[in-house]
Amino acid sequence: MPSTTQLTAWQALSAHHNVISSAHMRDWFSTDSDRFNRFSRRFGDILIDFSKHRMTDETLNLLLDLARESAVPVWIERMFSGAQINHTEHRSVLHVALRNRSNQPIVVDGQDVMPEVNRVLEQMRRFSEQIRSGAWIGFTGQRIRTVVNIGIGGSDLGPKMVCEALAPYGDANLTMHFVSSVDGSHISHVLSECNPETTLFIIASKTFTTQETMTNANTARGWLLAALGDEAAIAKHFVAVSTNTEKVRAFGIDTANMFEFWDWVGGRYSLWSAIGLPIAVYVGMANFTALLEGGHAMDQHFRQTPLPDNLPVILALLGVWYGDFFAADSHVMLVYDEYLRSLPAYLQQLDMESNGKSIDRQGLPVTRVTGPVVWGGLGSNGQHAFYQLLHQGTHLVPSDFLAPVNSQDPIGDHHAILLANCLAQSEAFMTGKTEAEARAELASKGMDGAELEALLPYKVFAGNRPSTTLLYQRLTPSVLGSLIALYEHKVFVQGIIWNINSFDQWGVELGKQLANNILPELKGERPAGAHDSSTLGLIGYCRGA
Ligand code: F6P
């Protein structure tokens, strides 16, 4: 099999890059009034504008050739049909089964997984209704008012992001907390706001062995028992979400209060599974189902739409174009939606844990860059902080703008101002400001001569900075589901093109192993072992040496 860089389409793109890399998008827009129409697509209530990219029709065609030559359609079908595409763990990758609203069979190891998926969804429905209606009573007879999800990584970021995003649909009688860090300050602060008699803990861990989660879970357990004084209280205040029944039982949680998922659900793809229990509890099962439906609609689009109109494929190809041909090493999410404030952190795990790989599917070192550094934040705030680098820095940073056309909280002119800023920023990234324009602007303010010439270079914006804008009518559960699935599939397609496995995460293991070595040394249970002088010095400092 030829390496990615040997593919005909890759080499054609390389040559094409040499030809168009110095062209300016501004010129393309001024000579082509149809550019937006050709390079934007609608998906339900979502508009995706990718016209502000350094690409022509030829670029897109060549990128689509790359997708074909990389067998993207074959890989899509392999995922949906349950093939073990996570080859290093011998696992299928079937988060799409969790939101398979068609209920068509999906077979893993000769078994249709849909009956199990539906069984757990039904269990989630019953439980979430009991909590929301007050039918579920705590140990002392009071109803649940506070839910604390204890998990980390995929067992935290997805449900946390979605609960925040769908807060307008949330139950006002419930307060949601998400404890993830093993930093004791996190759980201490959360517990200080909780009443043990009215608090439910959801211990969310695929493996039920994750050190941070189990440490927090034990602390929560001790706190509850200290207050309620009876082991029997655990059954009323703790439930578990996991693939590991034995460990859940060993922790002391009744497996009747366990919500199961399966090893074919990756942690960072798990919010659609029982890991979404806090979402179902907070927004209700009807809204959780609408989230699944939005994801499923994007799945069908991804599976059925020819490549030139396939949105995850287009976004993936643009990412490859910048990373591999323009040496862009990061991608920024610019979110003009307060409710999506945790989306960048969520996408950071999705993308970086999936495609932060340097060994290909044949076990060989990759020969070009793979996944970008993903970062970002709320756009309105970022404009007054990190946007300077995006406008005039030396890095090329492709960006995604996200904004709702309609606010969930209309108040005065706020939303129009927010949207105006969002649209203005992508326009500014693209057009920039030429020297002639900057000169005229300074002159119009009465500046001239040496003073003008000295300031002029600082006032020029090169522009030509690529961005995609995703607008949606309103952040409904269904729109959110489609957006998340869009990014999941984008990441998958990039992994296909880079010939890497996007579904394992061996890179997180080494730090865990070394932490387990250092822990007893820090606690003084054994002398510091064989470490480098830096690590020994740091251990010594922590121990007061
Ligand atoms: O250490 C990384 C990781 O395994 C992630 O992939 C995962 O989302 C997270 O830890 C939490 O894992 P678990 O759900 O098994 O506690």
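The values are calculated or read from the model by the stated rules, or taken from the named source; none is laboratory data. Predicted model, so just to flag it, every value in this text is computed and none were measured. When we count neighbours, we look across all protein chains shown, and the Cβ atoms used for this are built from the backbone with ideal geometry, even at glycine.
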*State all residues of the stretch 248-297 that are in contact (Cβ under 8 Å) with a residue 24 or more places away in the chain, outside any helix (DSSP H, G or I) and not aliphatic (A, V, I, L, M); if no residue qualifies, say none.*
Gly252, Phe259, Glu260, Phe261, Trp262, Asp263, Trp264, Gly266, Ser270, Trp272, Ser273, Gly284
*Among the residues listed as Lys160, Lys206, the single one being part of a loop (DSSP other than H, G, I, E, B) and within 16 Å of the ligand (Cβ to nearest atom)*: Lys206
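Quick grid of which residues meet (1) at pLDDT below 95; (2) of a type outside the set (A, V, I, L, M); (3) exposed (fewer than 13 other Cβ atoms within 10 Å of the Cβ):
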{"site": "Leu442", "(1), (2), (3)": "no, no, no"}
{"site": "Ala454", "(1), (2), (3)": "no, no, yes"}
{"site": "Leu471", "(1), (2), (3)": "no, no, no"}
{"site": "Pro477", "(1), (2), (3)": "no, yes, no"}
{"site": "Ala485", "(1), (2), (3)": "no, no, no"}
{"site": "Glu488", "(1), (2), (3)": "no, yes, no"}
{"site": "Ile496", "(1), (2), (3)": "no, no, no"}
*Which one of these is farther than 30 Å from Asp409 by Cβ and either assigned to a helix (DSSP H, G or I) or of a type outside the set (S, T, N, Q) (or both): Glu441, Glu488?*
Glu441
*For the stretch 341-367, name all the residues that are buried (at least 23 other Cβ atoms within 10 Å of the Cβ) and away from the ligand (no atom under 16 Å from the Cβ).*
Leu343
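Conditions tested, residue by residue: (1) in contact with a Cys (Cβ under 9 Å, 6 or more places away or on another chain); (2) within 16 Å of the ligand (Cβ to nearest atom).
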{"residue": "His177", "(1), (2)": "yes, no"}
{"residue": "Ser180", "(1), (2)": "no, yes"}
{"residue": "Gly184", "(1), (2)": "no, no"}
{"residue": "Asn195", "(1), (2)": "no, no"}
{"residue": "Thr199", "(1), (2)": "no, no"}
{"residue": "Thr215", "(1), (2)": "no, yes"}
{"residue": "Leu224", "(1), (2)": "no, no"}
*Mind telling me which of the residues Val117, Val93 ends up being touching a helix residue (DSSP H, G or I) at 6+ places or on another chain (Cβ under 9 Å), outside any loop (DSSP other than H, G, I, E, B) and surrounded by 13 or more Cβ atoms within 10 Å (Cβ to Cβ)?*
Val117
*asked:* Restricting to the stretch 456-485, count the residues that are within 28 Å of Phe29 (Cβ to Cβ) and part of a loop (DSSP other than H, G, I, E, B).
replied: 7
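For every residue, the table says whether it meets (1) at pLDDT 95 or above; (2) surrounded by 18 or more Cβ atoms within 10 Å (Cβ to Cβ); (3) among the acidic types (Asp, Glu); (4) in a helix (DSSP H, G or I).
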site	(1), (2), (3), (4)
Pro2	no, no, no, no
Ala12	yes, no, no, yes
His17	yes, no, no, yes
Met55	yes, yes, no, no
Leu60	yes, yes, no, yes
Leu63	yes, yes, no, yes
Pro73	yes, no, no, yes
Thr88	yes, no, no, no
*So which of Glu451, Glu509, Glu427 is of a type in the set (Asp, Glu), within 16 Å of the ligand (Cβ to nearest atom) and either part of a helix (DSSP H, G or I) or within 32 Å of the chain's Cα centre (by Cα) (or both)?*
Glu509
_Of residues in the stretch 129-145 being buried (at least 18 other Cβ atoms within 10 Å of the Cβ) and either of a type in the set (S, T, N, Q) or assigned to a helix (DSSP H, G or I) (or both), the one farthest from the ligand (Cβ to nearest atom)_ = Arg132
_Cys422, sole failed condition from (1) free of Cβ contacts under 8 Å to residues at least 60 places away in the same chain; (2) touching a Leu at 6+ places or on another chain (Cβ under 9 Å); (3) not aliphatic (A, V, I, L, M)_ = (1)
